[in-house]
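The values are calculated or read from the model by the stated rules, or taken from the named source; none is laboratory data. Note that the coordinates shown come from a computational prediction; the quantities given were computed from them, not determined experimentally. Reconstructed Cβ throughout: ideal geometry from the backbone, glycine too, with neighbour counts over all protein chains shown. Protein only, heavy atoms only, side chains kept; ligands, DNA and RNA dropped before computing areas. Shrake-Rupley method; radii C 1.70, N 1.55, O 1.52, S 1.80 Å.
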Amino acid sequence: GKTILITGVSSGIGARTAELALQLGADVIGVDVRAPAAALSAFIEADLSSPLAITDLVARLPQRFDALCNVAGVSGTLGAAKTLAINFYGLRALSEAVAPRLREGGAVVNVASIAGFGWRANLERTKALVGVQGFPDVDAVVAELGIPKELGYPISKEALLLWTFRAAHQPLFKARTIRVNAVSPGPVETPILREFRSVLGDARVDSDIARVGRAGTAPDIAPAILFLCSDGARWINGANLPVDGGLDASVNAEVL
Ligand code: NAI
């Protein structure tokens, strides 16, 4: 069986991804800032907003595994710097640190969001965020680029998508045939959706849901994440797969 590392494993999409991977016979090493409700092959508690915690975490991981699913994320209520630290810089630092331990033909899957599809609107700042190497002083980066609180979440996902496209061609991954892809969910019934409702307003969230008939559920998203981890996706690299009931298509169709 395969060994898959899953962050954000203690709730919502990450928990369901772990459950499905275990059902399919994989070993799952879970990572989260809080303990999971379900049993996993192994669990390591880590705060992915902290570079020190990531170094600690990496030291405790096995020398070889097959895939990394970057599912952990926050809604933006903690402010732009903390949100960027978790949703982008921590995720990237972990991915780059574990890349040498992923077997050839392995995979990284980043959970982005339909919120990141507006990335061309913030392209200059998104490029600047991604251009900063390593794990920076995120407060300083946010101040320098003038990123307001409400932009923290969408621009963290914009940065994640841009990095996904770049990482697919970065020697660290590409030279060892490790594929890097993204899954972008629409609104999904998990605890984070309540926070999106409080930030964006019910009207906005409900109109997105109405466009596609219902909200998604964690079991709608998990199979797409594991497909991109699988050998069946061996020729898929640097792709962003919307899993949103057609929400992205409905927006694109209006633009055309
Ligand atoms: P969730 O809130 O149920 O799960 C998020 C998990 O990430 C939690 O277990 C939490 O403890 C963990 N986490 C938060 N901060 C962390 C940190 N500093 N270090 C380690 N772990 C941390 O939310 P959900 O829906 O499962 O979200 C998973 C991903 O899906 C997130 O990246 C989110 O942005 C993305 N997403 C969710 C959507 C939705 O409507 N639910 C829509 C689009 C994207």
Is at least one residue of the stretch 116-125 touching a helix residue (DSSP H, G or I) at 6+ places or on another chain (Cβ under 8 Å), open to solvent by less than 40 Å² (accessible area, probe 1.4 Å) and modelled with pLDDT of 95 or more? no
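Each row is one residue, and each column tells you yes or no for (1) away from the ligand (no atom under 16 Å from the Cβ); (2) open to solvent by less than 10 Å² (accessible area, probe 1.4 Å).
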{"position": "L172", "(1), (2)": "yes, no"}
{"position": "A175", "(1), (2)": "yes, no"}
{"position": "A182", "(1), (2)": "no, yes"}
{"position": "T190", "(1), (2)": "no, no"}
{"position": "S207", "(1), (2)": "no, no"}
{"position": "I225", "(1), (2)": "no, yes"}
{"position": "G232", "(1), (2)": "yes, no"}
Working only within the stretch 49-76, note down all residues that are closer than 20 Å to I225 by Cα and of a type in the set (A, V, I, L, M, F, W, C). F65, A67, L68, C69, V71, A72, V74
Of all residues being of a type in the set (G, A, S) and touching a strand residue (DSSP E or B) at 6+ places or on another chain (Cβ under 7 Å) in the stretch 107-160, which is farthest from the ligand (Cβ to nearest atom)? Just the residue, please. A107
